[in-house]
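Engineer: Here it is: the structure, laid out below.
The values are calculated or read from the model by the stated rules, or taken from the named source; none is laboratory data. These numbers were taken from a predicted model, which means no experiment stands behind them. We place every Cβ from the backbone using ideal geometry, glycine too, and count neighbours over all the protein chains shown. Only protein heavy atoms, including side chains, enter the accessible area calculation; ligands, DNA and RNA are left aside. Shrake-Rupley method; radii C 1.70, N 1.55, O 1.52, S 1.80 Å.
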Amino acid sequence: MAALIASGNVSFVYKDFVLPSHKPYAQMAAEAAGCAADQGKFWAYHGYLLAHQKQWTKAELKDYARLLTLDTVQFDQCYDSGKHTAEVDASSKEAMDLNLPGTPSFLLNGRMLDLKTTNLGRLDLVIKPELQK
């Protein structure tokens with residue numbers, strides 16, 4: 001699932017990276033978030049998942065859609081069909097091919113940000129110099 005936020009000269013692209021140690025729960029959650037995205041609710045669903053991290057069940061992931069007032073018939077059909085499985089798999093493969101160290105990982109103009117030295121609360125300090133290039 002690629003979710004995009006764009007404003008002016010900056011775009012933020014979120015992609016799934018399901019690590020083998022996180023399967024099957026993260027895979028299920030990523031696919032469910034894709035179904036929420038189909039209804040324009042990716043970030044709300046994603047935020048709910050982050051606030052309630054655990055080893056989710058299929059029923060719980062569907063309940064989250066209900067709590068967030070998604071169209072549950074559409075969500076359940078999407079989720080049960082595996083509509084976003086290939087997309088999540090491709091995104092995770094791309095992350096593996098890039099040798100990303102884990103989640104989260106951030107790239108800025110193709111360069112890996114070192115999360116040990118980058119203050120994520122002040123990404124503007126990293127982005128502004130890039131905009132001046």
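Engineer: Right, LEU98: surrounded by 12 or more Cβ atoms within 10 Å (Cβ to Cβ) and without any contact (Cβ under 8 Å) to a residue 24 or more places away in the chain or not?
Structural biologist: When the stated conditions are applied, LEU98 passes them.
Engineer: Would you check if TYR45 is more than 30 Å from PRO129 (Cα to Cα), within 11 Å of the chain's Cα centre (by Cα) and modelled with pLDDT of 95 or more?
Structural biologist: So TYR45 passes the test.
Engineer: Okay, next question. Name the residues in the stretch 101-119 that are among the β-branched types (Val, Ile, Thr) and surrounded by 14 or more Cβ atoms within 10 Å (Cβ to Cβ), would you?
Structural biologist: THR118
One line per residue, one yes/no per condition, for (1) surrounded by fewer than 13 Cβ atoms within 10 Å (Cβ to Cβ); (2) at pLDDT below 95; (3) in a helix (DSSP H, G or I):
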{"position": "ALA32", "(1), (2), (3)": "no, no, yes"}
{"position": "LYS83", "(1), (2), (3)": "no, no, no"}
{"position": "ALA86", "(1), (2), (3)": "yes, no, yes"}
{"position": "GLY121", "(1), (2), (3)": "yes, yes, yes"}
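Engineer: Right, next: Within the stretch 63-87, how many residues are free of Cβ contacts under 8 Å to residues at least 24 places away in the same chain and not hydroxyl-bearing (Ser, Thr, Tyr)?
Structural biologist: The total comes to 8.
Engineer: Going by the structure shown, is LEU49 of a type in the set (A, V, I, L, M), part of a helix (DSSP H, G or I) and without any contact (Cβ under 8 Å) to a residue 24 or more places away in the chain?
Structural biologist: Spelling it out, LEU49 is indeed of a type in the set (A, V, I, L, M), part of a helix (DSSP H, G or I) and without any contact (Cβ under 8 Å) to a residue 24 or more places away in the chain.
Engineer: Could you list, in sequence order, all residues of the stretch 13-30 that are out of contact with any strand residue (DSSP E or B) (no Cβ under 9 Å at 6 or more places or on another chain) and open to solvent by 70 Å² or more (accessible area, probe 1.4 Å)?
Structural biologist: Matches in the stretch 13-30: PRO20, SER21, HIS22, LYS23, TYR25.
Engineer: Filter the stretch 14-33 for residues that are of a type in the set (Phe, Trp, Tyr) and over 20 Å from PHE106 (Cβ atoms) and give the result.
Structural biologist: Passing the criteria: only TYR25.
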